[in-house]
């Protein structure tokens, strides 16, 4: 008796081809602050300014386009490149939705980028007054 095996028509090479067209997002430190950025398609050189789109955190896992900027390579440091499956980009609305694990990574990077102050990197200062 013959058995039939199902072989999906989607191959890894077609996945890789599709992923090249998707925008590349990363958490980057620009002038000391951690931002979600969309990296340019062309690789940046050490001598040429990098063009990036900066997104601001709006709500829980939602980021909205803020502005485009050209940054000297000495002023930007890519901390964590996001897996393309962790970000959903609605280009017409300028909105990026991140997966929860990507948000957890951003919270860690943000906490580590802040200098440890009097109360430590994760502690909140004590509340003052009755309604503070």
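The values are calculated or read from the model by the stated rules, or taken from the named source; none is laboratory data. Remember, predicted model here, so these are calculated numbers, not experimental data. No Cβ is skipped: glycine too gets one built from the backbone with ideal geometry, and neighbour counts run over all protein chains shown.
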How many of the residues making up region 85-101 are under 14 Å from the mean Cα position of the chain (by Cα) and in a strand (DSSP E or B)? 7
Looking only at region 38-49, decide whether some residue is outside any helix (DSSP H, G or I), crowded, with 18+ Cβ neighbours inside 10 Å and modelled with pLDDT under 90. yes
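Within region 55-84, can you find the residues that are in a strand (DSSP E or B) and in contact with a helix residue (DSSP H, G or I) (Cβ under 6 Å, 6 or more places away or on another chain)?
So the first thing to find is which residues in region 55-84 are in a strand (DSSP E or B), and the list is 55-59, 62-71, 76-81.
Of everything in region 55-84, those that are in a strand (DSSP E or B) and in contact with a helix residue (DSSP H, G or I) (Cβ under 6 Å, 6 or more places away or on another chain) turn out to be 79, 80.
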Of the residues in region 100-122, those that are at pLDDT below 80, surrounded by 11 or more Cβ atoms within 10 Å (Cβ to Cβ) and out of contact with any strand residue (DSSP E or B) (no Cβ under 8 Å at 6 or more places or on another chain) come to 111, 112, 114, 116, 121
